[in-house]
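Undergrad: Just dropping this structure here.
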Amino acid sequence: MNFKRYYYLISLQYLGFRFHGWQIQPNVPTVELMIKKTLRFILPDAKTKIMACGRTDAMVSAEQTYVELFSDQKLPNLDVFLGTFNYNLPADIKALNIKEVDNTFNIIQDSKVKEYHYYFAFGGKFHPFSATLMCHVKANLDIEIMTKATKAFKGKKDFYSYTFRPKTQTQTTAEILSCQLRLNNELTASFFPKQSYVLKVKGTGFKRNQIRLMMGMLFDLGQHKVNYDFFLKTLDGYNKIKLEHIAPASGLILHKVEF
């Protein structure tokens with residue numbers, strides 16, 4: 001008997017604050033777990049499998065990302081499926097759209113560019129609701145030197161220092177297409193501090209905790225805990241500098257994925 005399989009690409013977004021990341025883990029809520037449970041409920045007679053274009057860490061959110069759904073049954077009406085899927089998903093996960101693809105599509109290899117945003121503010125303590133989406137730095141920050149440093153991240157480099165616990169065989173070379181620090185004017189809420197900032201990073205591939213290690217370095221620069229010359233040395237993997245300051249996860253959002 002020939003086994004027939006159908007392939008669907010689903011775009012979704014989620015608030016990561018209550019989740020222990022994307023990947024299923026024992027006894028804790030994860031985004032993958034919630035999606036699989038929902039699929040089993042709305043497609044009880046189908047054999048399904050999902051694969052994400054990447055994994056997010058605990059408390060990291062996604063504005064727009066993708067999963068591929070594999071099913072042994074054809075979905076007769078994608079609009080009806082999308083409505084039913086969203087109705088049964090928890091409130092902090094939303095499916096944006098769905099389309100059918102074929103077996104030549106590879107969600108891992110075909111996802112070419114990812115863009116991350118990291119939101120933060122500093123100074124007096126802000127409203128607790130902000131903690132779901134924004135990092136609070138208690139000390140004052142030198143935004144000027146932080147902005148200068150973001151430009152140095154751009155390009156193809158050996159990001160050894162910005163790879164979490166790299167092993168001998170770990171490939172640490174990657175390319176950052178753009179990196180900029182701006183005033184935050186796009187993610188707004190009545191309870192946000194009056195002034196906040198966003199680091200926008202776009203690249204062809206990121207290592208585990210890379211953005212948070214980059215942000216940790218920027219925070220250290222901004223507080224003058226390290227000097228600019230040391231920062232430049234961390235951009236040369238030959239120096240094998242292992243950084244330890246991983247910025248909090250709650251400020252990080254996977255903004256979008258491009259195929």
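Rule-based calculations on the coordinates, nothing more; no lab input. Not measured: the values here are computed from a predicted model. Because the Cβ atoms are built from the backbone with ideal geometry, glycine has one as well, and the counts that use them run over all protein chains shown.
Undergrad: Sequence neighbours fewer than 8 away in the same chain don't count; with that in mind, list the aspartates and glutamates whose C-alpha is under 18 Å from Lys47.
TA: Counting by Cα, and skipping residues close in sequence, Lys47 has these aspartates and glutamates nearby: Glu32, Glu68, Asp72, Glu100, Asp102.
Undergrad: Hey, in the GNM for the chain with a 10 angstrom Cα cutoff, which one of Leu12, Leu232, Leu177 fluctuates hardest?
TA: Looking only at Leu12, Leu232, Leu177, the biggest GNM fluctuation is shown by Leu232.
Undergrad: What is the distance, in nm, between label points placed 7 Å from the Cα along the Cα-to-Cβ direction at Phe70 and at Val101?
TA: 1.3 nm
Undergrad: So what's the angle, to the nearest 10 degrees on a 0 to 90 scale, between helix 31-42 and the longest Cα principal axis of the chain?
TA: Its long axis makes an angle of about 10 degrees.
Undergrad: Here's something else I'd like to know. I'd like the trypsin sites (Lys or Arg not before Pro) in segment 1-108 restricted to DSSP loop residues with at most 16 other Cβ atoms within 10 Å, sorted by number.
TA: Working: sites: Lys4, Arg5, Arg18, Lys36, Lys37, Arg40, Lys47, Lys49, Arg55, Lys74, Lys94, Lys99; in loops: Lys4, Arg5, Arg18, Lys47, Arg55, Lys74.
Loop-located and lightly packed - Lys4, Arg5, Arg18, Lys47, Arg55, Lys74.
Undergrad: List the relative contact order of the chain as a percent without decimals, with contacts defined as Cα pairs under 8 Å and 6+ residues apart. Could you put the intermediate results ahead of the total?
TA: Numbers: 529 pairs, mean separation 63.1, N = 259.
Averaging sequence separation for qualifying contacts and normalising by length gives 24 percent for the chain.
Undergrad: Compute the helix-to-body angle for 78-88: its Cα long axis versus the longest principal axis of the chain, expressed 0 to 90° and rounded to tens.
TA: 70 degrees
Undergrad: Got a sec? Charge dipole of the chain, +1 on Cβ for Lys and Arg, -1 for Asp and Glu; which of Ala174, Leu89, His255 is way out at the positive end?
TA: The residue sitting most towards the positive pole is Ala174.
Undergrad: Now for a separate question. With a 10 Å cut-off between alpha carbons and a GNM built on the chain, which of Gln223, Gln171, Gln180 moves the most?
TA: Maximum fluctuation in the GNM of the chain, among the listed residues, is at Gln171.
Undergrad: While we're on this one: P(r) tail for segment 6-101, what percent of Cα pairs lie past 20 Å?
TA: Working: 1310 of 4560 pairs.
Result: 29 percent of Cα pairs exceed 20 Å.
Undergrad: Under a Cβ-only charge scheme (Lys and Arg +1, Asp and Glu -1), can you give me the dipole magnitude of the chain about the Cα centre, in debye to the nearest 20?
TA: Values: 35 positive and 22 negative charges, 90 e Å.
With Lys and Arg at +1 and Asp and Glu at -1, about 440 debye.
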